[in-house]
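The values are calculated or read from the model by the stated rules, or taken from the named source; none is laboratory data. For clarity, every value in this text was computed on a predicted model and none was experimentally measured. So basically every Cβ, Gly included, is an ideal-geometry build from the backbone, and we count neighbours across all protein chains shown.
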Amino acid sequence: MAYQYPYPHPAVTTDVAVFTLREQQLQLLLIRRAQDPFIGQWALPGGFLEIDEDLESCAKRELQEETGVSDLYIEQLYTFGQPNRDPRERVISVTYYALVPPDKLTLSAGSDATEAAWFPLNNLPDLAFDHKEIILLARERLAAKTLYSTIAFQLMPDTFTLSELQSVYEILRNEKLDKRNFRKWVLGLDRLEETGGKRRNGNHRPAKIYRVTNPDRVEIIR
């Protein structure tokens with residue numbers, strides 16, 4: 001005789017806040033829902049955990065199915081479990097945030113999404129479920145992690161100048177940084193290497209071009 005579990009089992013989903021830099025702004029990837037609840041509204045990519053998969057695999061699968069985006073840095077953020085967060089049933093969401101460089105973006109909606117698009121963080125549409133709360137927490141985590149890790153490098157193209165890298169840090173931290181101090185700090189991390197090339201921007205002197213020595217890793221730096 002099969003064992004009868006005495007407790008109800010909530011459903012589990014994963015939701016992913018995907019960030020990139022476009023038009024000198026931090027932008028977020030959203031999908032337009034094709035099904036109830038909240039049909040037609042914008043939401044984070046995500047969906048229900050299958051019985052035979054782990055959480056990160058679920059997050060990556062849903063992201064690929066709904067947006068066409070894959071092969072990106074992804075990290076677990078937080079678990080959201082308010083009893084009334086989903087009108088269908090008791091749903092617990094294990095959330096993630098992810099970063100993708102702007103030169104590696106190809107979107108294609110699918111699965112239960114009719115559309116996938118990028119939105120500036122300061123101009124988001126009305127969102128389904130509690131996804132606004134998820135996004136706010138992901139944004140705070142991302143900004144904080146730039147202070148003690150190399151996570152900002154995940155938004156960089158294969159090669160870049162130090163000025164371009166500083167601009168990314170300023171966008172993520174939402175503050176201006178002193179040029180001399182930033183360069184001393186970032187070169188002191190010993191995580192960049194010169195390519196031997198240079199790039200001219202306007203009338204300024206050509207700037208050295210760098211690359212990240214370990215682009216597939218996010219490292220703690222203090």
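What about Arg211, is it out of contact with any Phe, Trp or Tyr (no Cβ under 7 Å at 6 or more places or on another chain), closer than 26 Å to Arg22 by Cβ and either in contact (Cβ under 8 Å) with a residue 40 or more places away in the chain or part of a loop (DSSP other than H, G, I, E, B) (or both)? Judged against the criteria, Arg211 is a match. Taken over the range 187-208, residues that are in a strand (DSSP E or B) and either in contact with a helix residue (DSSP H, G or I) (Cβ under 9 Å, 6 or more places away or on another chain) or surrounded by 10 or more Cβ atoms within 10 Å (Cβ to Cβ) (or both) amount to 9.
Table: residues versus (1) more than 11 Å from the chain's Cα centre (by Cα); (2) of a type outside the set (Asp, Glu); (3) not assigned by TED's automatic domain parsing to the domain that holds Leu172.
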site: Gln24; (1), (2), (3): yes, yes, yes
site: Asp36; (1), (2), (3): yes, no, yes
site: Gln41; (1), (2), (3): yes, yes, yes
site: Leu44; (1), (2), (3): no, yes, yes
site: Glu56; (1), (2), (3): yes, no, yes
site: Gln64; (1), (2), (3): yes, yes, yes
site: Ser70; (1), (2), (3): yes, yes, yes
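Arg180 satisfies every condition listed in (1) basic (Lys, Arg); (2) closer than 15 Å to Val16 by Cα; (3) surrounded by fewer than 14 Cβ atoms within 10 Å (Cβ to Cβ) except (2). Taking the range 33-142 and the strands (runs of 3 or more DSSP E) fully enclosed by it, the elements with 3 or more residues that are touching a residue at least 12 places away in the same chain (Cβ under 8 Å) and under 27 Å from Leu172 (Cβ atoms) are at 73-80, 91-99, 113-120. Does at least one position in the range 111-132 carry a residue that is at positive phi and modelled with pLDDT under 95? Yes, there is a match, as at least one residue in the range 111-132 is at positive phi and modelled with pLDDT under 95.
Screening Glu164 with (1) in contact (Cβ under 8 Å) with a residue 12 or more places away in the chain; (2) assigned to a helix (DSSP H, G or I) gives one miss only, at (1).
Taken across the range 151-160, residues that are assigned by TED's automatic domain parsing to the domain that holds Ile31 and surrounded by fewer than 18 Cβ atoms within 10 Å (Cβ to Cβ) do not occur at all.
Residues in the range 91-104 include at least one that is farther than 15 Å from Val16 by Cα, surrounded by 15 or more Cβ atoms within 10 Å (Cβ to Cβ) and at pLDDT 95 or above.
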